[in-house]
Amino acid sequence: MAVFLMILGAVFLDVSDQAGSAARREDLCTVAASPKPIRDLPEGSGVAVSRLTPGLLWSHNDSGRPALIGLDGSGAVKARVAVTGARVVDWEDVAAGPCAQGSCLYIADIGDNNRVRQRVTIYRVPEPTPGETRTRPAEAIDAVYPDGPRDAEALVVAGPDELFIISKAPARETALYRLKGPLREGTPSRLERVAGLPLAAVTGAALSPDGADVAIRTNDRVVFYAARELFAGKTAGGRPFDLRPLREPQGEGVAMGNGGVVYLVGEGGTLASLTCALR
């Protein structure tokens, strides 16, 4: 009888722990704005929070002309900016980060569905200011994987000379790669494989403004990691939040703003937002 009660107690504790964990995951974020259609983003793939203009987001389509679309938090289009000197193979993400000019946008032309590209490109341009319709000439930073071509849709800018790319693959094959500077045009730089990542079909990633957290998303969830641990290759302990109730047409990009605000864009042209308690 005592053994039976011990087993029953262990099962109860296990179920309680699982229930508590699920509750914490559900409490991690709340939906601030449901997906709103954005006519200018029929193939919206990436999103970034401006470092120069409060309340402005930058997004783009994954094909067509090389251009950035500026949005406010409600999804209203505020700018259309041509990216000078760039071309589109498969644009998959964008991030705002530091650079020699102060603030730059890093545009990740890293999609490779058939795994045939011998190199991928990150375009770096000084972040446009209100009223500009063209960027200054883009720097084309080429990169080569150490283990052959990879499809990828997620970019994180950790600093002016340190970028991370996350491959898009089944969970057993997904990996985090580092590109460490100095980053410049010319000879392609070699990516370094940091660690495997237990996530399948990653479609976007972003660093929080304070540099403390990284959000990594798939079509149906977003997972938050401590940046210091993730960049060191410690990929356990991510905190997930289920995005399926949002019913995005095809969730793609993610960006992190101040105050725990998380923006989401998707192919099918939508913008949504969450408020997340990461501390």
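A short reminder: the numbers here are calculations on the coordinates, not readings from a lab. Values in this document were obtained by computation on a predicted structure and should not be read as measured data. Cβ: placed from backbone, ideal geometry, glycine included. Neighbour counts: every protein chain shown.
Please report the antiparallel percentage of the DSSP beta bridges confined to segment 27-158, to the nearest 5. The partial results should precede the final answer.
Details: 33 of 34 bridges.
Antiparallel bridges make up about 95 percent of those DSSP assigns within segment 27-158.
Give me, ordered by chain and number, the residues 5 or more places off Leu271 or on other chains with an amide H under 5 Å from its own placed amide H.
Lys36, Ile38
What's the FRET efficiency of Thr129 with Lys180 using the Cβ-Cβ distance as r and R₀ = 35 Å, to the nearest 0.05? List each step's numbers first, then the result.
On the way: r = 29 Å, r/R0 = 0.84.
E(calc), rounded to 0.05, equals 0.75.
Can you list residues from other chains, or at least 5 along the same chain, whose modelled amide H is less than 5 Å from the amide H of Ala79?
Here Gly70 satisfy the definition.
Multiplying the sequence separation of Arg80 and Arg279 by 0.36 nm and subtracting their Cα-Cα distance, what value in nm do you get?
Stretched out fully, the Arg80 to Arg279 stretch lengthens by 68.1 nm.
Per the Cauchy relation, a quarter of the hull surface: what is the mean projected area of the convex hull of the alpha carbons in the chain, in nm²? Provide the component values of the computation, followed by the final result.
Values: hull surface 62.4 nm².
Mean shadow area of the hull around the Cα atoms is 15.6 nm².
In degrees between 0 and 90, to the nearest 10, how far off the longest principal axis of the chain does helix 2-27 point, with axes built from Cα atoms?
Helix 2-27 sits roughly 30 degrees off the main axis of the chain.
At 222 nm, what helix-only mean residue ellipticity would the chain give, in deg cm²/dmol to the nearest 500, using -39500 (n - 2.57) for each DSSP H run of four or more? Write down the numbers at each step before the final one.
Numbers: 2 runs with 31 residues, N = 279.
Counting only the DSSP helices, I get -3500 deg cm²/dmol.
Enumerate the calculated ³J(HN,Hα) couplings along segment 187-202 in order (Karplus 6.51 cos²θ - 1.76 cosθ + 1.60, θ = phi - 60°), each rounded to whole Hz, writing x wherever the residue is Gly or Pro.
5, x, 8, 9, 6, 10, 6, 8, 5, x, 10, x, 10, 9, 6, 5
Show the residues, 5+ positions off or on another chain, whose built amide H is closer than 5 Å to the amide H of Ala175.
It is Ser167, Leu197, by chain and number.
Using the Karplus equation 6.51 cos²θ - 1.76 cosθ + 1.60 (θ = phi - 60°), what ³J(HN,Hα) coupling, rounded to whole Hz, does each residue of segment 42-48 give in order, writing x for Gly and Pro?
Karplus values, whole Hz, x for Gly and Pro: x, 10, x, 10, x, 8, 9.
Ordered by residue, what ³J(HN,Hα) values in Hz, to whole numbers, does segment 159-165 give under the Karplus form 6.51 cos²θ - 1.76 cosθ + 1.60, where θ = phi - 60° and Gly and Pro are x?
x, x, 10, 8, 10, 10, 10
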